Amino acid sequence: MRKSNVIKKLGAGRGIHRLIFILCILALLICVTTFSKIYSFKSFRASNSFCNCNSLTSSCTNNHHVELTLDTVIQKIQHEIDILRQLPNEKVFGKQAIFLADILNLVESVQVSLVQNSEPRAVLHSLSRQTEQVNGPAEYFITEEIRKYVRIKPNRLKKQNFMGANGTFTSIGHACFSMKLELEEFMDYDVGEMCNDDWRLAQKLMVHGCDPLPRRRCFARAPQLYNKPYPINESVWKLPDDKNVRWSQYRCKNFTCLARNSTAKGFFKCADCFNLTHHESPRWIVHSYQDSNSKMTADILITEVLSLKPGEIRIGLDFSVGTGTFAARMREHNVTIVSATINLGAPFSEMIALRGLIPLYMTINQRLPFFDNTLDLIHTTRFLDGWIDFVLLDFVLYDFDRVLRPGGLLWIDSFFCLKEELNDYLEAFKILRYKQHKWLVVPKIDKDDSEVFFSAVLEKPPRPFR
């Protein structure tokens, strides 16, 4: 009895596979036959479009014929996908549906190309234009997943979607094309399986301008034994559980190691950021003096800043290198801060999240993911310093200005640079024409008077211009 049931199941499975195989062959034969009646293979090699007719009338006629054929193929494949969804075996449905969906995507891409080419006055998206050297951006890459990702995804209803676009244009950073090998390594995985442990490769791509990265169809790796985070009233000032971080790409293998860091491990600009008790706890609460005798400091306290706009500072961005302490202190004043950071030698993003705060994983290359005139405050420290190019600083500051609301505050915290370059950097900040609430310049005494600190709190003015 069991043997007969197994034979029946095998027979049913083979029947489904045979039916799908026959339908796929039928679809391909219809496409090849239709194209062979209308176009020569020579026209495909010599032309950049599917339409290579001698006149507008013949072109429209041929396109109409091909569109009708493609409509039939799409309907048949969609019908088979609907049938597969009703099958009890989820594994069979998953593999076969993905295969059919890929064929359907390719056929629909051909259909959209025909529609676009039938309208001689329409302007094609730049990613649709083909050149003699490279047949679109997708053809530049070898790995199939990146080719699928960068292709334009046409709307299924063949009309503009609710966003006003005829398709979805999934984007990657322009530098991805100069980092082809690294990107293809990043996109080399099995669909539906675990991703490689390659976050460091991803961050390298991002830092070097391959940003945004393409999405992937694999499962991100997680710590093997992930424990519940500490309650919110404990997590802010307590080192997280070591088991909640993947340590394979770091020199330190636990938070205790990072907390007693001596700049050899982790990021040198934030060597003490994981020391929550001695180093982090007093920050922005009490002044830190470089020299107790001179009482010189570039520190500005949170209470000093909030008193400039009582009750008006509610949400903001901390564009810095750190473990979220600024956001933690601001939360004590009912201000929500998003902390932008990357994992430079240490798990900064995980640390911020495990403290119960909001990390934003991004590089300085990116446009801020906020709409215009929405934030009350932007704070930055230990990041925008004398290493930054003046033109890049301009772009960053104007982007800060874009997302700050009128009356919002820009808090430059302990910006340091060479003494002879100070005036050039100050001009970059002055060009915003912000109101100066605080403006401090003090020498950086550990550099033999060759460097200086600059701190300021600036207010964005209203600009009633149309």
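The values are calculated or read from the model by the stated rules, or taken from the named source; none is laboratory data. These numbers were taken from a predicted model, which means no experiment stands behind them. Cβ atoms come from the backbone with ideal geometry, glycine included; neighbour counts cover every protein chain shown. These area figures cover heavy atoms from the full protein model, side chains too; ligands, DNA and RNA do not enter into them. Shrake-Rupley method; radii C 1.70, N 1.55, O 1.52, S 1.80 Å.
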### Query
How high is the FRET efficiency from ARG331 to GLN78, r the C-beta distance, R0 56 Å, rounded to 0.05?
0.65
## Note on the structure
The aspartates and glutamates whose Cα lies under 19 Å from the Cα of LYS295, excluding any fewer than 8 residues away in the same chain, are GLU304, ASP413, ASP446, ASP448, ASP449, GLU451
### Task
With the full set of protein chains in place, find how many percent of the accessible area of region 232-460 is carbon and sulfur; take the probe as 1.4 Å.
53 percent
### Message
Using a Förster radius of 35 Å, what is the FRET efficiency between ILE358 and ILE142 based on their Cβ-Cβ separation? Nearest 0.05, please.
### Response
0.40
### Query
Can you pull the percent of region 144-208's accessible area that's carbon plus sulfur, 1.4 Å probe, other chains left in place?
54 percent
### Message
Past 24 Å, Cα to Cα: identify those pairs from LYS228/LYS253; LYS180/LYS204; LYS204/LYS430, in the order given.
### Response
LYS204/LYS430
### Message
Could you tell me the relative contact order of region 144-208? Use alpha-carbon pairs under 8 Å, at least six residues apart, and round to a whole percent.
### Response
27 percent
### Task
Give the value in nm², to one decimal: projected area of the alpha carbon convex hull of region 232-460, averaged over all directions.
12.5 nm²
### Karplus-derived HN-Hα couplings along region 344-351 (A = 6.51, B = -1.76, C = 1.60, θ = phi - 60°), whole Hz, x at Gly and Pro
8, x, 7, x, 5, 4, 5, 4
### Message
Sequence gap at least 6, Cα distance under 8 Å: using those rules, report the relative contact order of region 137-252 to the nearest whole percent.
### Response
21 percent
### Message
Over region 308-420, with the other protein chains present, what is the accessible area per residue in square angstrom, probe 1.4 angstrom?
### Response
37 Å²
### Task
Return the FRET efficiency for the residue pair THR256, MET194: r is the Cβ-Cβ distance, R0 is 25 Å, and the value is rounded to the nearest 0.05.
0.30
### Query
Antiparallel as a % of all DSSP beta bridges within region 232-460, to the nearest 5?
50 percent
